[in-house]
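The values are calculated or read from the model by the stated rules, or taken from the named source; none is laboratory data. Keep in mind it's a predicted model, so treat the numbers as computed, not measured. Ligands, DNA and RNA are stripped out before the accessible areas are found, and what is left, the full protein with its side chains, is counted by its heavy atoms. Shrake-Rupley method; radii C 1.70, N 1.55, O 1.52, S 1.80 Å.
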Amino acid sequence: GASPRAVCVSVGCMNLVGCWFGAMPVCHGAGGLAAQHVFGARGGGAVVLLGATKIGLGLLLGDSMLKLLLIFPRTVLGSMLALSGCELAAASRNETSHVGTLVMLVTAGMGLATSNIAVGFLIGMLAAAVL
């Protein structure tokens, strides 16, 4: 896996470059935004509050923040991740065609089977083009 420093640097670079093009703040997945929505965030103020809190904690606690994050209960994190996954999966409930459903299942299945989202995406795109 990637080190915490490598993840922080890549997310920071994406956001520093993206802001000049009007991009929203991003990370390496959609789970965070879905989790915010599940837990009540409905506007831009929630993102600003979360960002300000993270900056404040980082400045206040520095390296000790990583130690606190490492002892965060994984059961709580897993529950939050499950809820955000359900929120993301709910987007598929409007799919009415059998082909569209098959493409979704192939994409998700290949991503899980290979443990590689990029492979799942590419195979899903191929399935969409063929079907």
Integer Hz, Karplus 6.51/-1.76/1.60 couplings in order for segment 96-112, x for Gly and Pro: 10, 8, 5, 5, x, 5, 4, 4, 4, 5, 5, 4, 5, x, 6, x, 6
Heavy-atom surface of the chain, accessible at 1.4 Å and reported per residue (Å²): 76 Å²
Segment 1-86 pair-distance distribution - Cα-Cα, 10 Å bins, rounded %: 14, 41, 41, 4
For His28, solvent-accessible area (1.4 Å; no DNA, RNA or ligand), Å²: 120 Å²
Expected 222 nm ellipticity per residue - DSSP helices of 4 or more, -39500 (n - 2.57), all of the chain, to 500: -23000 deg cm²/dmol
